[in-house]
Every structure is written in C-alpha cells, then in structure tokens.
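So the structure is just underneath, and the comments pick up after that.
What follows draws every value from the coordinates through simple rules; no lab data is involved. Quick caveat, the model's predicted, so the values are computed rather than measured. All Cβ positions, even for glycine, are placed from backbone atoms using ideal geometry, and neighbour counts span all protein chains on display.
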Amino acid sequence: MRKDGPMIAGSSGWRSDTGPMALAVALGLGIGWLDLHTTEVVVTASALLLAGLALGYLRPRAAWRWAVPLALGLPAMAIVGHLFHLPTPEPIRVDPLIVLVAWAFASVGCYAGATVRRVAGPRPTSG
C-alpha cells in the first residue's frame with residue numbers, strides 16, 4: 001500500500017467512475033427493455049452505438065469497460081422478461097451470439113466517442 005493511502009479519490013480513482021458506470025448499467029438495461037419491445041434490429045443497434053458514443057466521450061480512458069454493461073443489459077432484460085412473462089412482439093430468446101454482437105456495436109460506439117474526445121482536445125477554460 002502506498003504511504004499516502006489507497007488510490008480511491010481524484011480523477012483517476014475508481015470513485016470517479018461510479019457515476020458513469022451506473023449510467024452505463026442504466027442505459028444497458030434501458031436498451032435491453034427497448035430490444036424486448038421492438039422488432040427492428042436497427043433500433044437496438046443505434047441505441048447501443050449512441051450510448052457507447054456518449055460514454056466513450058464522457059470517459060475515454062479504457063473505453064471498453066462501458067461496452068460491457070451496455071451489452072449485458074440485453075440478456076439481463078431478456079431474462080427478466082422471461083421470468084415475469086412480459087408481453088413482447090416476438091418470443092424471448094437469450095442467445096450468447098446476440099450478446100457478442102451487442103458488445104461489438106457498443107464497443108464501436110465507445111471507441112468512437114473516445115476518439116472524438118481525444119481529437120477535440122481538452123475543453124477550454126474560461127477565465
């Protein structure tokens with residue numbers, strides 16, 4: 001352990017990422033709910049890309065970690081829908097391949113957001 005204590009505070013500590021991680025989990029569950037209630041794949045794919053873009057822009061460092069909860073929201077909501085017999089336009093299936101495809105779309109969005117943030121550079125400060 002370091003003499004000045006564990007690295008838990010500040011911009012590089014884990015506490016600074018709890019808000020964005022909670023947002024990623026909420027967005028993932030919301031996209032999972034959306035996926036249950038639509039028959040169009042483009043709606044889900046677009047939502048994953050846009051959510052990933054926003055999270056990657058918000059926190060560009062290690063952008064892959066935002067794609068994981070976004071993608072896992074789909075099977076989580078599918079399991080919830082199956083357990084509670086939610087009415088859906090199509091039968092509910094939990095397919096591991098769907099999770100992989102969702103992770104790919106979310107990852108592209110996250111890294112696109114991180115790239116935009118890095119290209120845009122630091123935000124100017126007024127003063």
Segments 27-36, 87-96 sorted - mean Cβ within 10 Å per residue, highest first: 27-36, 87-96
Sequence-separation-based contact order of the chain, relative, with Cα cut under 8 Å and 6+ spacing, percent: 32 percent
MRE, 222 nm, helices only [DSSP H, n ≥ 4, -39500 (n - 2.57), over the chain, to nearest 500]: -22500 deg cm²/dmol
Rg [Å, one decimal], Dmax [Å, integer] - segment 59-120, C-alpha atoms: 14.6, 46
Answer label, with Cα Rg over 2.2 N^0.38 Å calculated from the coordinates and candidates (i) 1.23; (ii) 2.42; (iii) 0.96: (i)
Choice from LEU83, LEU48, LEU72 showing the highest fluctuation, given a GNM over the chain with Cα pairs closer than 10 Å: LEU83
Relative contact order, percent, segment 33-90 [alpha-carbon distance under 8 Å, six or more residues apart]: 52 percent
ILE79 versus ILE92: modelled label distance in nm, points set 7 Å from Cα along the beta carbon direction: 1.2 nm
Between segment 73-127 and segment 23-63, the Cα center-to-center distance that results, in Å: 3 Å
